[in-house]
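Enquirer: Pasting in a structure now, in structure tokens, and then I'll have a few things to ask.
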Amino acid sequence: MTRPDHTVQRPADHGLPKAVLRFVRSEDGNLFIVFLPLLFIMLAFGGMAVDFMRFETKRAMLQGVTDRATLAAANLAQTQDPKAVVVDYFTKAGMADQLSGDPVIDQTVGRRQVSVKSAVVMDTFFLRMLDGKLQTLSANATSTAVQGVGAVEVSLVLDLSGSMYNVVNGTTERRIDLLRPAAENFINDLTKPEFLNRISVSLVPYSEQVNVGPTIFNALNVNRTHAFSHCVELPGSAFTTTTFDSSTTLTQTQALQTNAFGYGGPSPQWTTGTGSTRDFYRADHDQPVCPRFTYERIIPISQDKTRLVNAIRLMQPRAGTSIFLGLKWGVALLDPSFRTVTAKLPTGTIDPAFVGRPLAYDPDKSIGESVRTLKYMVLMTDGFNDNSFRLQPEFYDDPSERFFWANHNFSWFINNGASPLGPNYFATDTAFGNFTTQFYTRDQGVGYMRSMCDAARNAGIVVYTISMSGDDTSPEAISGRTEMSACAYKPSYFFATSGSNLNQIFQQISRQITDLRLTQ
């Protein structure tokens, strides 16, 4: 009996090559069908990345050449034609065809502004395969540089507190002796002929208070109680903003000296220990809470080098330290809100070229301004905010009392039993605190300073700070340096010194104010 044949019949190969037949019959290539579109996507994205990387490299190179050419052309030290300098830079970089039009040169005495535009166009390799519209990529580069200055306003805020009379460590020079020439050179740097009518300087000396001077004082809304000095007490709200509210009624600072020292320090008897405790106190009135001498007044918005320098040369240390008050007045003289005060000043108080200052922070297009007004403050101290005292109202509410305390040292008289109302006025009570009140505390001063520094930075005021406390390691001095460092516009804008390099510090700041810079 014949068995059935169960052999599977394969289709005839019709003579096809065995390798082809194996490929047709194999199931190993199934993943290739899935991977093929992924491979296409990867190649597409890789190609796009190559095009974009090539383009970014060319764009960065173009911007670099544009910036360098602009800076070189704006440099007043080079005597070649500025346009030729720009063209030469692009030619040597092999980018002459990428310069868009002629450079724009704006030059006046002591100032040159150069603006350059350029463009790059690059053919693509891969992007054009994905989209026919992406045959090329293009970008523009622009740069503007200025050497010299446009509108610049500077507040120079200098500490004249009693500690400025201290001798600098390791020398025989006093701090004030180092400050005077350094500040004078700073004024000289900013009042050069090439900066005429461009840089204004407001000088703000401060100690325990700020003497605003009679002209500014008369332009303020003040409840005047005497004619001996010109300081005003500011409310706490004044230290939260750069603006100056001229509508607020201010209190006049008492003409008073609570500091026991007269100028020059304690009496020789007390210093040598040969005198009694009372010899420590002197009847001088050279260190009042409110500075009273002419050269201690604010000089607002000026370019009068002679007047500014003469005031600096006469400066003497006295009284306590209220950095936050100097800071507030320095900022106010930079803020456009202060124009409500300057508008009331007698003609000639503000230099005629600067009528209308402080200018707005942002450019006023209606009068042709194109760049932001640059505002700088240089804040210098050798210490820290300290406590400040005033007489309680009942001891300062009579004209005879005000006259007496404007001419006598309170601390000396309270310890010698003398008074404006008779020899026994202090006979039964010589406690300082029973007659005075703590008007500004040290902690208040620190808080006011911090909020003012924040407000100044937020407004765009560039604040340089100088701490001249040397290597004083007392907690107060360390705290003072910390606050000054925190107040600076940038960390590099804070300087700590004993005073030996103070002149170099001021020179570095003046160069940064006037040096070449990119504006866009």
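Enquirer: With every protein chain left in place, what is the accessible area per residue of region 151-212 in square angstrom, probe 1.4 Å?
Expert: 30 Å²
Enquirer: Specify the inter-centroid distance of region 310-331 and region 136-173, based on alpha-carbon positions, in whole Å.
Expert: 18 Å
Enquirer: Would you pull out the residues with amide H under 5 Å of Ala151's amide H, same chain only if 5 or more places away, H placed 1.01 Å from N?
Expert: When sequence neighbours closer than 5 places are left aside, the close amide H contacts are Leu374.
Enquirer: Given a Förster distance of 35 Å, report the FRET efficiency between Ser451 and Thr306 from their Cβ-Cβ distance, rounded to the nearest 0.05.
Expert: E between Ser451 and Thr306, to the nearest 0.05, is 0.45.
Enquirer: Determine the relative contact order of region 156-262: mean sequence separation of Cα pairs under 8 Å and six or more apart, normalised by residue count, in whole percent.
Expert: Here the relative contact order equals 24 percent.
Enquirer: With the crude spin-label approximation of a point 7 Å out along Cα→Cβ, what separation in nm comes out for Ala77 versus Lys117?
Expert: Calculated label separation equals 3.1 nm.
Enquirer: For region 292-417, what is the accessible area per residue in Å², given a 1.4 Å probe and the full set of protein chains?
Expert: Ligands and nucleic acids excluded, the result is 39 Å² per residue.
Enquirer: Run the reach check for Lys117 against lysines, Cα to Cα strictly under 22 Å, same-chain hits fewer than 8 apart removed. What comes back?
Expert: Lys58, Lys83, Lys92
Enquirer: I've got another one for you. Could you work out how much longer the chain between Ser492 and Glu173 gets when fully extended? Use 0.36 nm per residue separation minus the Cα distance between them, nm to one decimal.
Expert: 112.1 nm
Enquirer: Could you tell me what percent of the accessible area of region 293-351 is made up of carbon and sulfur, with a 1.4 Å probe and every protein chain present?
Expert: So the carbon and sulfur contribution to the accessible surface is 50 percent.
Enquirer: Moving to a separate point now. Heavy atoms only, probe 1.4 Å: what % of the accessible area of region 51-95 goes to carbon and sulfur, would you let me know?
Expert: Taking all protein chains in place, region 51-95 shows 60 percent carbon and sulfur surface.
Enquirer: Of Arg357, Arg174, Arg511, which has the most accessible area with a 1.4 Å probe, and how do the rest follow in descending order?
Expert: Arg511, Arg174, Arg357
Enquirer: Go through Lys305/Lys344; Lys375/Lys490; Lys305/Lys375; Lys192/Lys490 and tell me which ones have a Cα-Cα distance over 21 Å in this structure.
Expert: Over 21 Å Cα-Cα: Lys305/Lys344; Lys192/Lys490.
Enquirer: Would you please put 495-507, 133-145, 155-167 in order of how densely packed they are, using the mean number of other Cβ atoms within 10 angstrom per residue and starting with the highest?
Expert: Averaged packing, sorted descending, gives the order 155-167, 495-507, 133-145.
Enquirer: Express in nm, to one decimal, how much length is gained between Thr249 and Asn501 on full extension, taking 0.36 nm for each residue of separation and deducting their alpha carbon distance.
Expert: 86.4 nm
Enquirer: Which ³J(HN,Hα) values, rounded to whole Hz and listed in residue order, are derived for region 337-349 from phi using the Karplus coefficients 6.51, -1.76 and 1.60 in 6.51 cos²θ - 1.76 cosθ + 1.60 with θ = phi - 60°, glycine and proline given as x?
Expert: With the stated coefficients, region 337-349 comes to 5, 6, 4, 5, 8, 4, 5, 8, 6, x, 4, x, 5 Hz.
Enquirer: Could you tell me which residue out of Met122, Ala74, Ala84 lies farthest along the dipole of region 72-130 toward its positive end? Charges go on the beta carbon: Lys and Arg +1, Asp and Glu -1, centred on the Cα centre.
Expert: Value: Ala74.
The values are calculated or read from the model by the stated rules, or taken from the named source; none is laboratory data. Owing to the predicted nature of the structure, the values given are computational and were not obtained by experimental measurement. Glycine gets a Cβ as well: all are built from the backbone with ideal geometry, and neighbour counts include every protein chain shown. Only protein heavy atoms, including side chains, enter the accessible area calculation; ligands, DNA and RNA are left aside. Shrake-Rupley method; radii C 1.70, N 1.55, O 1.52, S 1.80 Å.
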